[in-house]
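Novice: Quick one: this structure, given as structure tokens, is what I'll be asking you about.
We did not get these values from a lab; they are worked out from the coordinates using the rules stated. Quantities reported herein were computed from a predicted structural model and do not represent experimental measurements. Note that each Cβ is placed from the backbone with ideal geometry, even for glycine, and that neighbours are counted across all protein chains shown.
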């Protein structure tokens, strides 16, 4: 069996197809943003997580440092328990403040970490104690209207 | 009695349809059963890959570019009124990868390659080449049909991926280069919302299913065509109509299974 120009064309076609798939996976999709470097797990409890979803980003000072891996309801406290994996290169003090924030008014929600001043650092599996729940727009509007009604009296 | 004859005709068509469904299912089974020899003689599949895949390349790439450009323009017009032009990348990429890429590529594939397959096999049958093969103890399904089937099934996901990639490029061209949406937010919002497993792999799975459906319909129509000029032309028309309907129906089913708003 000999090599023909047909083989060349078909080979180029198959290569182009897989290149297109790779472009879709890495440039269009999120395969490149999955952390391949080593990570450690942290967890935190929130009264309300709003619209936070698994794979949401974890940021500190706006820099992407990890992702939310799991969200479940802590049935003993009726609070949301969020587990996230953080890049091993970044360590945070024990009194770090964790909050759920929104990019833009209607953008997606992410977790923001604000480091404290403690000497001791958080380790694998630790829980961040100081948490601030998501800002739920409806609650805010409700409070605003209630406040108006108070001041009108 | 015109009523009796029209009832007869309806009944005949219904029975004929069920007959054809059964026959085509058996045909599909026979293709799978006789696939072994065509994989051992892989140059047959390579040849068909050239005719179905490589020759469809230009129409797929050009159509993908145009669809991406239109999505970019229309999406920008709509998103502008909500002040969220930066979500243009998300809109273009998600609609292409999930829906338009697989579906439009399959529709183009059905009319470009599927109709050619039907006409080729129908004409082979009309000129008694299929019968001649059987006379020489060559199984026409293993020699003619199965290589075409596998070539179609292999090339369909690749063509759909190229369509989507080209469409995203078209959206980028219009959105970022011409209109001036911020390039960083275009790509980062896109990457933030397109999930590899949920969106891209499901799109590939869709185009694989469409590839199976289109090639089986095209090959069956060719194989089943009456061996006359009208028979072949009718079979070619039926291929395009039926595979287009099959693609859209399968898309409804697959979308309902894959994206249930979870």
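Novice: Please compute, for peptide B:45-57, the average count of beta-carbon atoms on other protein chains lying within 10 Å of each residue's beta-carbon.
Specialist: Average neighbour count from other chains, rounded to a whole number: 4.
Novice: For chain A, rounded, prolate or oblate, judged on the Cα gyration tensor with a ≥ b ≥ c (square roots of eigenvalues), a/c < 1.5 rounded, else prolate if a/b > b/c?
Specialist: It comes out prolate by the Cα gyration axes.
Novice: Which whole-number percent is the relative contact order of the stretch A:1-90 (Cα, under 8 Å, 6+ apart)?
Specialist: 27
Novice: Listing B:8, B:206, A:27 from the residue with the fewest other Cβ atoms within 10 Å to the one with the most, what is the order?
Specialist: Ascending Cβ contact count within 10 Å gives the list B:8, A:27, B:206.
Novice: Between 0 and 90 degrees, rounded to the nearest ten: what's the tilt of helix B:115-126 against the longest Cα principal axis of chain B?
Specialist: Between helix and principal axis, roughly 10 degrees.
Novice: Separate question: Ignoring everything except DSSP H segments at least 4 long, calculate the 222 nm mean residue ellipticity for the protein assembly as shown; use -39,500 (n - 2.57) per segment, divide by total residues, nearest 500.
Specialist: For the protein assembly as shown, the value works out to -19000 deg cm²/dmol.
Novice: A follow-up question, please. Can you sort A:18, B:149 from fewest to most other Cβ atoms within 10 Å of each residue's own Cβ?
Specialist: By the 10 Å Cβ count, ascending, the order reads A:18, B:149.
Novice: Relative contact order, percent, of the stretch A:34-142 when contacts are C-alpha pairs under 8 Å separated by at least 6 residues?
Specialist: Relative contact order for the stretch A:34-142 comes out at 33 percent.
Novice: Round to the nearest 10 and give me the degree value, 0 to 90, for the angle of helix B:183-193's Cα axis relative to the longest principal axis of chain B.
Specialist: Value to nearest ten degrees: 60.
Novice: With a 10 Å cut-off between alpha carbons and a GNM built on chain B, which of B:60, B:21, B:200 moves the most?
Specialist: Comparing B:60, B:21, B:200 in a Gaussian network model of chain B, the most mobile one is B:21.
Novice: A further question follows. Classify the stretch B:112-262 from the C-alpha gyration tensor, please: rounded if a/c falls under 1.5, else prolate or oblate depending on whether a/b exceeds b/c.
Specialist: prolate
Novice: When chain A is modelled as a GNM with alpha-carbon springs shorter than 10 Å, which of A:11, A:50, A:112 fluctuates the most?
Specialist: A:11
Novice: Could you give the angle, 0 to 90 degrees to the nearest 10, between helix B:202-224's Cα long axis and the longest principal axis of the Cα atoms of chain B?
Specialist: Taking the Cα atoms of chain B, the angle to B:202-224 is about 20 degrees.
Novice: Would you please state the base-10 log of I(q)/I(0) at q = 0.11, 0.14 1/Å for the protein assembly as shown, with intensities from the Debye formula using one equal scatterer on every alpha carbon?
Specialist: So the normalised log intensities work out to -0.92, -1.19.
Novice: Next up: For the stretch B:1-142, just say rounded, prolate or oblate: build the C-alpha gyration tensor, square-root its eigenvalues into a ≥ b ≥ c, call rounded for a/c under 1.5, and beyond that prolate if a/b exceeds b/c, oblate if not.
Specialist: Since a/c reaches 1.5 but b/c is at least a/b, the shape of the stretch B:1-142 is classed as oblate.
Novice: Still on this structure, please answer the following. Normalising by the residue count of the stretch B:1-130, find the relative contact order in percent from Cα pairs under 8 Å and 6+ residues apart.
Specialist: The normalised contact order for the stretch B:1-130 reaches 19 percent.
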